[in-house]
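One structure is given below, encoded as structure tokens.
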Amino acid sequence: MDSSERYVEATAHPTIGIVLLGGLSDPNNRIPLHGSSGIAYTIKNKESVARTRISLSDKKHVYTFNGKEIEESSRSPIALIQKYEERLKTKYRTEYVNFKSENQDILSGSSDAGAAALGKCIQYLLPDEDPFSMENNLRIISESVGRSLYGGLTVTDVSNHGTRTRQILNPEEFGGYEITAFTFPHERRPSDDIHFNIKKLPEYPNRVKNANYKLIELQKLAEKKDIRGIFELAHNDTEEYHSLVEKAGVIIITPEMRQLMKEVDRIRKNIWCSYIVTGGNNVFVVTRNEDSETISDKLRRRDVRITKLIVAGHPKITSSNI
């Protein structure tokens, strides 16, 4: 690092949907068409994070992600940095605002983590920045960034003015439960395949109503700290969501994933557990801590990676010389 370079570095955790988001206004503004919910997570006994650094220097550096130079686009971190660049240059009397980020042990939800870590850096450098404006600017990178920005269990409300996320349960409330990720060996579909196809369906207005109704139920469950009820709601939402996604011609759940989900349904008759499938190649199976290994052994199969996860918190500043 250049001795004259000033920097701030932050980490943020990736996320998993609970009430799943499907449908955005348009490719540029990316306003969600209904409310949603999610949790931040990390690998058990390990850190799953996006680690992001903003540096201020008189020497030009490239913007990098996972060691590779980022191409400029409407959804890249460069577009977000440009919104704050002049203020940062003026305040810190610097010539360049530079950026680098890398993902560490992330299975899914990396865009939320990367956007939140970048937002944490900017908030540190510009502490007067309005959190509502920050969240909505960060949607350039990821439409569900609020899940990572606040950590724990969050709800994202939507209005004509944008999104506002709030934490409704902290990570510690989930201490009796574990999430096992079963990662299947195939490529995930781009999320925009879902967002811009599902809203064309005649059933979509009902999905919007149901998702917003589920958020009311989720709030009640959170107030009672009914963790099992929260994951039951997520289990049911997975089924509703993917039945619509498949009608829109986007197949996320492969036959192999569906077979594992059927096995979970059989196990549920004797031992409580539930599953969540978002938009990737993971089936997330939720269990009580004491049942985690038993259920994992029942579901274990060749070529499917198993990873133990727990609910995680909000972003953190890890180092800075400013």
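No lab work stands behind these numbers, since they all come straight from the coordinates. The structure presented is a predicted model; accordingly, all values stated were derived computationally and were not measured. Here the Cβ positions follow ideal geometry from the backbone for every residue, glycine too, while neighbour counts run over all protein chains shown.
Can you give the relative contact order of the chain as a percent, counting alpha carbon pairs under 8 Å and 6+ residues apart?
On the way: 673 pairs, mean separation 88.7, N = 322.
Relative contact order for the chain comes out at 28 percent.
Pulled fully out, how much extra length does the chain show between residue 209 and residue 186, if you take 0.36 nm times their separation in residues and subtract their Cα-Cα distance?
5.0 nm
What does the highest-first list of 28-41, 173-186 look like by mean Cβ count within 10 Å?
By packing density, highest mean first, the sequence is 28-41, 173-186.
Farthest toward the dipole's positive end in the chain, which of 78, 137, 18, given Cβ charges of +1 (Lys, Arg) and -1 (Asp, Glu) about the Cα centre?
18
Straight-line reach from residue 214: which aspartates and glutamates fall under 19 Å, measuring Cα to Cα and dropping same-chain residues less than 8 apart?
Partners within reach: 157, 203, 223, 226, 232, 237, 239, 240.
Using the Karplus curve 6.51 cos²θ - 1.76 cosθ + 1.60 with θ = phi - 60°, what ³J(HN,Hα) values do you get for each residue of segment 59-73, in whole Hz, with x for Gly and Pro?
For segment 59-73, the Karplus curve yields 10, 6, 10, 8, 7, 10, 10, 6, x, 10, 5, 8, 7, 6, 7 Hz.
Could you work out how far apart the two model spin labels at residue 71 and residue 226 are, taking each label as a point 7 Å from the Cα in the direction of the beta carbon, and quote it in nm?
Going by the 7 Å Cα→Cβ label model, 4.9 nm.
Can you tell me which of 297, 112, 237 moves the most in a GNM of the chain? Springs connect C-alpha atoms under 10 Å apart.
297
Dipole of the chain (Lys/Arg Cβ +1, Asp/Glu Cβ -1, origin at the Cα centre): which of 149, 101, 234 lies farthest to the positive side?
234
Would you work out the charge dipole size for segment 104-246 about its Cα centre, treating the Cβ of every Lys and Arg as +1 and the Cβ of every Asp and Glu as -1, and quote it to the nearest 20 debye?
280
Just want the answer: with Cβ charges of +1 for Lys and Arg and -1 for Asp and Glu, which residue in 299, 170, 249 is farthest toward the dipole's positive end in the chain?
299
Quick check: net charge around residue 235, other residues with Cβ under 11 Å of its Cβ, Lys/Arg +1 and Asp/Glu -1?
-3
Determine, for each peptide in 260-272, 44-56, the mean count of other beta carbons within 10 angstrom over its residues, then list the peptides with the highest first.
Details: 260-272: 14.2, 44-56: 20.4.
Ranked by mean Cβ neighbours within 10 Å, highest first: 44-56, 260-272.
Identify all aspartates and glutamates with a Cα-Cα distance to residue 200 below 14 Å; exclude those on the same chain that are fewer than 8 residues away in sequence.
26, 192, 246
Please give the charge dipole size of the chain, origin at the Cα centre, charges +1 on K and R Cβ atoms and -1 on D and E Cβ atoms. Round to the nearest 20 debye.
Roughly 260 debye, rounded to the nearest 20.
Of the DSSP beta bridges with both residues in the chain, give the percent that are antiparallel, rounding to the nearest 5.
Around 95 percent antiparallel, to the nearest 5.
Please go through the residue pairs 224/247; 44/120; 83/220 and name each one whose alpha carbons sit more than 27 Å apart in this structure. The partial results should precede the final answer.
Numbers: 224/247 35 Å; 44/120 23 Å; 83/220 38 Å.
Long pairs (Cα-Cα over 27 Å): 224/247; 83/220.
Give the peptides 116-128, 239-251 in descending order of average Cβ contacts within 10 Å, highest first.
116-128, 239-251
Apply the Karplus curve 6.51 cos²θ - 1.76 cosθ + 1.60, θ = phi - 60°, to the phi angles in segment 177-192 and return the couplings in whole Hz, x for Gly and Pro.
10, 10, 10, 9, 8, 9, 9, 8, x, 9, 6, 7, 7, x, 4, 5
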